[in-house]
1. Mind listing whichever residues of the stretch 104-148 are at pLDDT below 95, within 13 Å of Ile49 (Cβ to Cβ) and open to solvent by 50 Å² or more (accessible area, probe 1.4 Å)?
2. Residue check: is Ala22 in contact with a Gly (Cβ under 7 Å, 6 or more places away or on another chain) and assigned to a strand (DSSP E or B)?
3. Considering (1) among the hydrophobic types (A, V, I, L, M, F, W, C); (2) at pLDDT below 95; (3) closer than 18 Å to Trp142 by Cβ, say which one Ala42 fails and leave the rest.
4. Can you find even one residue in the stretch 49-63 that is buried (at least 16 other Cβ atoms within 10 Å of the Cβ) and under 17 Å from Gln78 (Cβ atoms)?
5. Looking at the stretch 80-106 only, could you name the residues that are hydrophobic (A, V, I, L, M, F, W, C), free of Cβ contacts under 8 Å to residues at least 24 places away in the same chain and out of contact with any helix residue (DSSP H, G or I) (no Cβ under 7 Å at 6 or more places or on another chain)?
6. Quick one: would you say Leu31 is in contact with a strand residue (DSSP E or B) (Cβ under 6 Å, 6 or more places away or on another chain) and of a type outside the set (Phe, Trp, Tyr)?
7. Using the structure shown, decide if Gly60 is on the phi > 0 side of the Ramachandran plot and touching a residue at least 40 places away in the same chain (Cβ under 8 Å).
8. Of all residues in the stretch 1-19, count the ones that are assigned to a strand (DSSP E or B), within 20 Å of Ala102 (Cα to Cα) and open to solvent by less than 20 Å² (accessible area, probe 1.4 Å).
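The values are calculated or read from the model by the stated rules, or taken from the named source; none is laboratory data. No experiment lies behind these values; they were computed from the predicted model shown. Cβ sites come from the backbone with ideal geometry, for glycine too, and all protein chains shown count toward neighbours. Side chains included, ligands, DNA and RNA excluded: accessible areas come from the protein's heavy atoms. Shrake-Rupley method; radii C 1.70, N 1.55, O 1.52, S 1.80 Å.
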Amino acid sequence: MRALLQRVTRAAVRVDGTEIAAIDGGLLVLLGVGHGDDDATADALARRICELRMFEDEDGRTNRSLLDVGGACLLVSQFTLYADTGRGRRPGFTHAAPPDTARALWLRVADGIRGQGIDVGLGQFGAEMAVALVNDGPFTIWLDTADR
């Protein structure tokens, strides 16, 4: 799985002009699922998202996690994180998991984050979405479970 975590003061998702989810303070997570990802991968990533120290403490150091600050998570499925740009000018997406697998694992990550007491907003799987955010910092982290 690949996840782009952005610390935000606000983030929202719109589909067909209607806001379907929004958070005030926390993490916007764009999530891509690849071939070979499974339930264990999803569970581990959910824990990592909640425990990664991306928020400042009273001394201005990034010593606090999403759990520590009581923030929320807006989780948006984004298969384009698996874009292959190695040939030509048009990206290929053959490394992304099939939609049924990707949707199930995206929802499993959401459930894993919720299971740790974090409020989770969701984008709409497979939809054209408008994602708006106010990046806090900016502070953005790239996670790829293949790197572990």
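1. Result: no residue meets the conditions.
2. yes
3. Here Ala42 clears every test but (2).
4. Within the stretch 49-63, one or more residues are buried (at least 16 other Cβ atoms within 10 Å of the Cβ) and under 17 Å from Gln78 (Cβ atoms).
5. If the condition is that a residue be hydrophobic (A, V, I, L, M, F, W, C), free of Cβ contacts under 8 Å to residues at least 24 places away in the same chain and out of contact with any helix residue (DSSP H, G or I) (no Cβ under 7 Å at 6 or more places or on another chain), then Ala83, Ala104 are the ones that fit.
6. So Leu31 fits the description; yes.
7. When the stated conditions are applied, Gly60 does not pass them.
8. Looking only at that region, the number is 4.
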